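Taken together, the values in this text are just the output of simple stated rules run on the coordinates, not laboratory data. All figures in this text were calculated on a predicted structure; none of them were measured in a lab.
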Ligand SMILES: NC(=O)C1=CN([C@@H]2O[C@H](COP(=O)(O)OP(=O)(O)OC[C@H]3O[C@@H](n4cnc5c(N)ncnc54)[C@H](OP(=O)(O)O)[C@@H]3O)[C@@H](O)[C@H]2O)C=CC1
Ligand SMILES: O=C(O)[C@@H]1CCC=N1
């Protein structure tokens, strides 16, 4: 595992990861942040304002946590931080390993990382792809990200935008679902705050049960629907013409397509 990791850009996502690592018991001294306007970092995590300051402190790996659209403009500034002793890890949605390698050609290895905001509580899937790591270091990198939940290598990088849509963007879709469910209940007469609280606790419990169960989600749904009971009536609405699945297929396709568009934009 990289012993000293420099997070370049520490907003919503990299900030959640940093909090997740500290929550998991990682030593704060392993981490440093380079972010010009960030208000502060957790205790023990050094905050650098300039690449020169960061270079002086030293590191074995950098984690790119800024926006994909910034890669082309920022890469020359950060190249001195990504020399032959350094591995470049990237959170940049849509940006391929080949593009990361082209932006940081001197680095000894490149890793594409796709977590989600549940990193903060150690419950994120983290999808990984790499170029240039040896066998032992691959396992060290997997363990680093496994501390944020569940890390797994994606051998076929052509699938990365799709797994990003599912696992990286996925929480946004779940939050929309919770909002819509609560909003619908409010429209039908429930107090709005109560509806949001019930919907959130319900989704948490249902997802945790699915994660802990040997049964597939489809089978669990069948177990909720008592024969001749209420639930089936609602499920029939979602299932009619595969309405929910079709909607989600379009949703994932649009999300994944944007990844490819961002990559084309960078060139
Ligand atoms: N949000 C999410 O759930 C996920 C995001 N990602 C990826 O993570 C990356 C960041 O996204 P997100 O965290 O949402 O975005 P944010 O805007 O919250 O974070 C980006 C951070 O980078 C900082 N930054 C901007 N310019 C520089 C610079 N020149 N040097 C150093 N830092 C800089 C920003 O500072 P300032 O605000 O002052 O400009 C900000 O703190 C993206 O590439 C995205 O694809 C991946 C998975 C999930
Ligand atoms: O919206 C985005 O582009 C990033 C990538 C996955 C989640 N957030």
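Assign one of three labels to the stretch 102-147, namely rounded, prolate or oblate, based on the Cα gyration tensor with a ≥ b ≥ c the square roots of its eigenvalues; rounded applies when a/c is under 1.5, prolate when it is not and a/b is larger than b/c, and oblate otherwise.
Since a/c reaches 1.5 but b/c is at least a/b, the shape of the stretch 102-147 is classed as oblate.
Among 176, 120, 23, which one shows the biggest mean-square fluctuation in a GNM of the chain, springs joining Cα atoms closer than 10 Å?
Result: 176 has the largest fluctuation of those listed.
Measure nothing fancy, just the Cα-based angle from helix 12-23's long axis to the longest principal axis of the chain, in degrees from 0 to 90, nearest 10.
90 degrees
Which whole-number percent gives the relative contact order of the stretch 49-146, counting Cα pairs below 8 Å spaced six or more residues apart? Walk me through the numbers on the way to the answer.
On the way: 135 pairs, mean separation 21.3, N = 98.
Averaging sequence separation for qualifying contacts and normalising by length gives 22 percent for the stretch 49-146.
Where is the GNM fluctuation largest for the chain (alpha-carbon springs, 10 angstrom cutoff): 240, 70, 79?
Largest GNM mean-square fluctuation: 240.
What shape does the stretch 5-155 take by its C-alpha gyration tensor, where a ≥ b ≥ c are the square roots of the eigenvalues and a/c under 1.5 counts as rounded, a/b above b/c as prolate, and the rest as oblate?
Rounded, since a/c falls under 1.5.
Take the alpha-carbon centre of the stretch 116-147, take the same for the stretch 1-66, and report the distance between them in whole Å.
16 Å
Output the 0 to 90 degree angle, nearest 10, between the alpha-carbon long axis of helix 192-212 and the longest principal axis computed from the alpha carbons of the chain.
The answer is roughly 70 degrees.
Could you work out the relative contact order of the stretch 170-263, using alpha carbon pairs under 8 angstrom and six or more residues apart, expressed as a whole percent?
Result for the stretch 170-263 is 13 percent.
Does the stretch 1-58 classify as rounded, prolate or oblate by the C-alpha gyration tensor (a ≥ b ≥ c root eigenvalues; a/c under 1.5 gives rounded; else a/b over b/c gives prolate, otherwise oblate)?
Taking the square roots of the gyration eigenvalues as a ≥ b ≥ c, the stretch 1-58 is oblate.
With the cut-off at 21 Å, report for the stretch 108-239 the share of all Cα pairs above it, as a whole percent.
56 percent
Please give the helix 243-266 orientation as an angle from the longest Cα principal axis of the chain, in degrees from 0 to 90, rounded to the nearest 10.
Value to nearest ten degrees: 20.
Any idea what the relative contact order of the chain is, in percent, if you count C-alpha pairs under 8 Å spaced at least 6 apart?
Reported relative contact order: 17 percent.
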